[in-house]
1. All but one of (1) at pLDDT 95 or above; (2) over 23 Å from residue 76 (Cα atoms) hold for residue 178; state the number of the condition that does not hold.
2. I need a count of the residues in the stretch 16-47 that are modelled with pLDDT of 95 or more, within 11 Å of residue 72 (Cα to Cα) and in a loop (DSSP other than H, G, I, E, B).
3. Give just the number: which of (1) touching a residue at least 60 places away in the same chain (Cβ under 8 Å); (2) in contact with a strand residue (DSSP E or B) (Cβ under 9 Å, 6 or more places away or on another chain) does residue 30 not satisfy?
4. When only residues in the stretch 176-194 that are over 23 Å from residue 128 (Cα atoms) and part of a loop (DSSP other than H, G, I, E, B) count, which is nearest to the chain's Cα centre (by Cα)?
5. Based on what the data block shows, is residue 13 in contact with a helix residue (DSSP H, G or I) (Cβ under 8 Å, 6 or more places away or on another chain), modelled with pLDDT under 95, closer than 23 Å to residue 102 by Cα and not in a loop (DSSP other than H, G, I, E, B)?
6. Given the condition touching a residue at least 60 places away in the same chain (Cβ under 8 Å), farther than 20 Å from residue 46 by Cβ, surrounded by fewer than 23 Cβ atoms within 10 Å (Cβ to Cβ) and in contact with a strand residue (DSSP E or B) (Cβ under 9 Å, 6 or more places away or on another chain), answer yes or no: does some residue in the stretch 195-214 qualify?
7. Any idea which of (1) in contact with a strand residue (DSSP E or B) (Cβ under 8 Å, 6 or more places away or on another chain); (2) over 23 Å from residue 37 (Cβ atoms); (3) surrounded by fewer than 22 Cβ atoms within 10 Å (Cβ to Cβ) is the one residue 174 doesn't satisfy?
8. Got a sec? Which of 94, 89 is over 17 Å from residue 182 (Cα atoms) and either surrounded by fewer than 17 Cβ atoms within 10 Å (Cβ to Cβ) or modelled with pLDDT under 95 (or both)?
């Protein structure tokens, strides 16, 4: 019923507001809250290229930037929220709208890019999610969670820094609707004009960067498929790529 509600709301918004979702192509939608909402402005292009090169998912190369009050919110099943400092507190209307989005089938990936274990962004995330979904706790995802095998079979996670050894999430109606990573996965993607990584991944180097890329793709695929691949067997092609060290 919740999924049907979300789809009906999406259809309404598509009719009323135009092209919120673009056919069957994946749209990278990023949530704008406060002034520090965009720590890595071009990183979506790197991730989308990886999605296209690695999977059969079709994408729109341009990202969509939304606020919580934006009419296209319910036509955007995937949202990224990234930040370093604490955004402004959400008012009651924003809290209610974000709750409706998440409980109607929407998915939110939150990425702490600060590299801090207990920074202001982390505190804001925990306080905000406790307000938005008070009956659902933010907690580490179990090792057998489908997120870790939605595309790549993940045995460890990466990032620009290793603040946490696990990814956290909030469940609603049997699905993880919020995924929260604290290792700055996005920072592992940033490249200079010559194509070289801007930031070292510490302490694990390039192997840690590769794990960050795999997890980023898994998050996108989970947003698209949910628990569809909970019992899926990975193809020999994917396994061969993993053994060879290719992304």
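1. Only one criterion is unmet by residue 178, namely (2).
2. 0
3. (1)
4. The selected residue is 190.
5. Details: in contact with a helix residue (DSSP H, G or I) (Cβ under 8 Å, 6 or more places away or on another chain): yes; modelled with pLDDT under 95: yes; closer than 23 Å to residue 102 by Cα: yes; not in a loop (DSSP other than H, G, I, E, B): yes.
Against the criterion (in contact with a helix residue (DSSP H, G or I) (Cβ under 8 Å, 6 or more places away or on another chain), modelled with pLDDT under 95, closer than 23 Å to residue 102 by Cα and not in a loop (DSSP other than H, G, I, E, B)), residue 13 qualifies.
6. The initial filter retains those residues of the stretch 195-214 that are touching a residue at least 60 places away in the same chain (Cβ under 8 Å), namely 213-214.
Of the ones still in play, those that are also farther than 20 Å from residue 46 by Cβ are none.
No, that holds for no residue.
7. Here residue 174 clears every test but (1).
8. Going through 94, 89 in turn, just one is over 17 Å from residue 182 (Cα atoms) and either surrounded by fewer than 17 Cβ atoms within 10 Å (Cβ to Cβ) or modelled with pLDDT under 95 (or both): 89.
The values are calculated or read from the model by the stated rules, or taken from the named source; none is laboratory data. Small disclaimer: the values here were computed from a predicted structure and weren't measured. Neighbour counts run over all protein chains shown; Cβ positions are idealised from the backbone, glycine included.
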